[in-house]
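Working notes, beginning with the structure itself.
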Amino acid sequence: MPKDNYIFDLSENVTRAPASFETRFGVTLSADIYTPADFDQTARYPALIVGAPYGGVKEQGPGVYANQLAQMGYVS
């Protein structure tokens, strides 16, 4: 079983970082940001937002897709 309560193993070529922000309605949204392990903050990358449908959990299905996308060079 993967560590940190995720249902998948994070690729060694990917970095995952938590993020959160407050909406204009005062609701705090949380996410995980997946980047290639060699991410350069001065460079530009294609980005995708991967969301869970309805009551889904960010550590489950969307994380699997984001992990794969980051291996292909996307920020997700």
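The values are calculated or read from the model by the stated rules, or taken from the named source; none is laboratory data. None of these values were measured; they are calculated from a predicted model. For neighbour counting, all protein chains shown are included, and Cβ atoms are generated from backbone atoms with ideal geometry for every residue, glycine included.
Numbers below:
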{"quantity": "Qualifying positions in the range 9-54 - surrounded by 15 or more Cβ atoms within 10 Å (Cβ to Cβ), in a loop (DSSP other than H, G, I, E, B) and in contact with an Asp or Glu (Cβ under 9 Å, 6 or more places away or on another chain)", "calculated": "Leu10"}
{"quantity": "Lone unmet requirement of (1) on the phi > 0 side of the Ramachandran plot; (2) modelled with pLDDT under 95 for Gly73", "calculated": "(2)"}
{"quantity": "Selected residue (criterion: nearest to the chain's Cα centre (by Cα)) from residues of the range 18-38 that are hydroxyl-bearing (Ser, Thr, Tyr), at pLDDT 95 or above and farther than 14 Å from Asn67 by Cα", "calculated": "Ser20"}
{"quantity": "Meets criteria (modelled with pLDDT of 95 or more and not aliphatic (A, V, I, L, M)) for Pro46", "calculated": "yes"}
{"quantity": "Single match in Thr42, Thr28, Thr23 (criterion: without any contact (Cβ under 8 Å) to a residue 24 or more places away in the chain, in contact with a Leu (Cβ under 8 Å, 6 or more places away or on another chain) and not acidic (Asp, Glu))", "calculated": "Thr23"}
